[in-house]
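The next block holds one structure in the form of C-alpha cells; read it before the comments.
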Amino acid sequence: MAKHMTLNTGQASVLFPWRAFLEDGGLFPVMRSSPDTLEYNMQLCLCRLSDPDLKAARGELVGMQLLLEDVLLSSNHMIMEDPSRQQATLDKHSQADLSRVPGFRSPFQSSPKASRLLRGPCNAVMSLAFLRSFLVLWKQLEVLKEHWGRLKLPGQDSDSVSFHKQFSELYGTDILYPSMKAIARRMGKEDEFEGIIISSRSILPPKGASEIEIKTEQLQKLLENLEIHLIQEVLRKVNREIALVVSEKSKEQGALPTDLWKHHVMKENFSVSRPQIVEKFKQRLMENYQDGGLEITFRKDHLEACLLSLGCDVMARERSNFESYSMCYEHVLEHARQKLCQKEQELDTIQRSSDPLDDNAGQVAELSHTMIMEITALRAQLTDLEQENLNLNKQIRKEVQEEYEDLVRALFATCVHIKEKLDENQINLTQKVCELIGEVRTEGIDNLKGLKTKWGSARPDEGMKENPAKEQLQALEQESSSLAALVCKVRSLGHWRLAVQQARLQGQLNRAEKEALQSKKECLSVQLMAEQEVVLFRQQLLALRQALARAQAKNTRMHEQQENQAQLLRELQHRATQEARHWQQMDLMKTSSMEKLLEDVEQKEQHLQLLTEASERASRLGQLQQKRSQRELQQMRSRLAQERSVKLDAFQRVQELQSQLNDAERSSVQMSSPGGLIPWAQYSLRSAPTSSRHSQQHLLKTNLMSSKITRRIQRPDTVPIKHKKRSDNVFLPSVAENAQHSAFQIRTAPSIIP
C-alpha cells in the first residue's frame, strides 16, 4: 500500500503545493490547522480486528497489490500497443510528469518491473485504466457467478455451508474446468493440464495463463450458460403454449375457439419511418445564433432547449420503432399460429381417418424405440470413433518417437564412432609429437655433446644425469596416454551397452503396450458383443412382455365380461331380496314406531308427574323460607327493641347517677368553699347537666339512625347471613363501648368525692 504523505517531507509540498500550504497554516498561520484524519479513519476501520484478523487483512491487501502488479506485467504489450491513441486521450498541458518529481513513489513502483510501465503519465493513466477494466471484469464475474448459483440452486440460503459446497462443485464442473481446458488447448498445454488435474485432484489454471484470460474465459462461459438457460426457458414457454393450444383443440368441440386467434388487422409490409431528427435539430439550432465571422456563438438556454428537443425526438423515434417492430413480430406470430392451427387440423383429419389409437400408440412406441436404439448406436459409434482417434494419435506419436529413437541411436552410434576416432587420432598425434620431440631432443643432445666435446665444458656430465629422469617421465606419459585411450574405449563401450539395454527395454515396453492395446481392443469387442446380446435379450424380453401384456389384457377382458354378467345376476337377486327385506323392515318399523310412541307417551307422563312434584316441593320450600325469613325479621325487631329499651334504661340510670353526683358535689362545694365560689360551681353544675343532656341526645340520635339503617339494610333471604353478622358486629360495639364508658364513669365518679 502507498505510504501516507506528511507535511514534514518535501514530497507533499512538491506534488500538492496549494494543499500543503493550506494544511501548514494557510492564510492564517497562527491558527491551528485541521489534522489529517485519513490514517485515523483507516485505523478505526481495522481497530475491532484481532491480531490474526489483522494479519489476514494485511495478507489480503498485499495479495491484491501483487495481483494487480502481475496483471500490469502480463498486459505490458497491450498497454504499449498504441501510443498515439494514448496521446489523444490525454491533455499535455494539464497532466504533469510525476515520475520526474523527486521522492515520488506510486504503489506499483515497489517492484522494478512494474515501475517500467509507469515512467510517463500516458503509461500511468493507461495502466490505471487497464486496472479499472480488470476490476470491473472481476466484479461482473462475481455478480454473474452469484446469479448463476441462484439459478442452479433455487430455494436455498446463499450464506449456508451446504450451498457453498454444492455451488463450488457445480461451478468447478460446469464453468471452471471447461474454461481452463479451453485456455490450455489454446496454449497447447492440454496434456500437461490433464496431468496436473489427475495428480492434484483440483482444477488449477495452466502455467503461463494470465488472470485476465482466466476471468474473461469464465465470464464468457457464464454468459454462454445464461444464454442457454434463457433459450431453454423460451422453449419451455413455447412448448407450454403449444400444449395449451393442443389441449384446447383436443376438447369435444369440433372447431377451435376463435378467441385465441383474434387480433386486430395488421399490415404485412411495413416500413420504418425515418424522422428528420438531424435536420430539425440543425434548423432549431440555427434559428438563434450570433455570427462573429470566424466563430458562431449560441446562447446557453437556446442550446439546452435544442438538446432537450433532440432527446425528445430520439425517444419518440425509439418508441415508434418499438411499436412498429412489436406489431411486426405479433403479425409473424399470428401467421405462425394460423399455420400451426391448419397443420393441427390436418393432423386431426389424418388421425381420424387412420387406424385406431392403440395401433398408433404401438407404432409411436416402436418408432421411439427404434429412434432410441439408433441414437444409442450413434453414440456408441461416436465414442468408438473418439477412442479410435485417441488411439491413432497415440500410435502416431509412438511411431514418430520410434523413428526419432532410431535416428537418435544412429546419431549416438556415429558420435561414439567419431569420438573413438578422435581419441585414437589424439593419442596418435600425441605419440607422434612425443616421438618427434624425442628425436629432436636426442638430436639436440647429440649436437650439444659434440659441441661440448669440440669446444670443451666445465660440467660435461650434467646433461647425462638429466637424461634418464626425462626418459622415465616420457615413458610414464606414454603409459598414461595408453591408459587414457583404454579408459575412453571402456567409456564408449559402456555407453554402447547402455544404449543397447535402453533399446531392448524400449522394445519390450512397446511390445507390452501393443499387447495391452490388443487386450483392450479384445475387451472392448467382448463388451460390445455383450452389450449387443444384452440389447437383443432386452428386445426379446420386451416382446415377451408385450405378448404377455396382450394375453393378460385379453384375459382381463374375458374375466371382466364374466364378472359383469355375474354382477348383473347378483344385482337382480340382491334387488329381489332387498325388496322382500324392505317390506319386512317396513312392517317391523311400523310396529316398532307404534311401540316407541307408546313408550314416549308413558315417559312424558312420568316426566310430567315428576315436574309437578318438583314444582310443589319448590313452592313448599319457598313458603318455608318465607316463614323463616319472617321469623328472623321478628326476632331481629324484638332484639333491637330490647336493645333500645336496655339503652334507654342505661341512659336513665346514667342521668340519675349524674344528678346524684351533681347533688353530692354541690353539697360538698357549699360546705367547703366560700361565698365567692358558689356562682362558678352553680355554673359548672348547670353546664354539666346540659352537656350530659346534649351527649345523651346525640347518643339517642345515633342509635335511632343505626336502627333505621339496620332496618333498611335488612332484606329478604337473598341477603346472605354473613352480611347480617357483619352489620351486627359493626353496630353493636358502639353500644357496648357506650355502656362501658358509662360504667367507667359511674365507677370513677365516687373517687372524685373527697
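No value in this document is a laboratory result; all are computed from the given coordinates. None of these values were measured; they are calculated from a predicted model. Here the Cβ is made from the backbone with ideal geometry for all residues, glycine too, and neighbour counts use every protein chain on show.
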Next item on the list: Mind giving me the nanometre distance, one decimal, between the label points for L568 and A543, set 7 Å out from Cα along Cα→Cβ?
Entry: 4.0 nm
Notebook entry, point to check: Which aspartates and glutamates have a Cα less than 18 Å from the Cα of K237, not counting those fewer than 8 places away in the same chain?
Noted result: E227, E248, E330, E334
Margin query: If each residue of separation counts as 0.36 nm, what is the full-extension length gain between L22 and E388 once their alpha-carbon separation is subtracted?
Written below: 123.9 nm
Notebook entry, point to check: So, in nm, how far is label K432 from label S480 when the simple model puts each one 7 Å beyond its Cα toward the Cβ?
Noted result: 2.3 nm
Note to self: For the pair L536/N555, report the inter-label distance in nm, with labels modelled 7 Å from Cα in the Cβ direction.
What the structure shows: 2.9 nm
Checklist line | Net lengthening on full extension, E522/V314 (0.36 nm per residue, minus Cα-Cα) | finding: 67.6 nm
Checklist line | Under the Karplus curve 6.51 cos²θ - 1.76 cosθ + 1.60, θ = phi - 60°, whole-Hz ³J(HN,Hα) for region 142-151, x wherever Gly or Pro sits | finding: 5, 5, 5, 4, 5, 5, 5, x, 5, 5
Next item on the list: Can you spot the aspartates and glutamates whose alpha carbon is less than 20 Å from K596's alpha carbon? Ignore those fewer than 8 places along the same chain.
Entry: D587, E605
Next item on the list: Report the calculated FRET efficiency for A499 and E227 (r = Cβ-Cβ distance, R0 = 60 Å), to the nearest 0.05.
Entry: 0.55
Check: Measuring from centroid to centroid over Cα atoms, what is the spacing of region 410-458 and region 535-575 in Å?
Finding: 116 Å
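Efficiency by 1/(1 + (r/R0)^6): what FRET value for R132 and H164, r their Cβ-Cβ distance, R0 = 30 Å, to the nearest 0.05?
Details: r = 29 Å, r/R0 = 0.98.
In this case the efficiency is close to 0.55.
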Notebook entry, point to check: For Q283 and E330, what does the FRET efficiency come to when R0 = 22 Å and r is the distance between their Cβ atoms, rounded to the nearest 0.05?
Noted result: 0.05
Notebook entry, point to check: What is the extension gain from H369 to L151, computed as 0.36 nm multiplied by their sequence separation minus the C-alpha to C-alpha distance, in nm to one decimal?
Noted result: 75.1 nm
Margin query: For a test of understanding, tell me how many lysine pairs in region 369-529 have Cα atoms under 21 Å apart, given they are 8 or more places apart or on different chains.
Written below: 17
Item checked: Euclidean distance of C-alpha centroids, region 621-658 and region 182-197, integer Å -> 123 Å
Check: If the limit is 18 Å between Cα atoms, which of K152/K215; K249/K339; K55/K207; K145/K215; K181/K215 go over it?
Finding: K152/K215; K55/K207
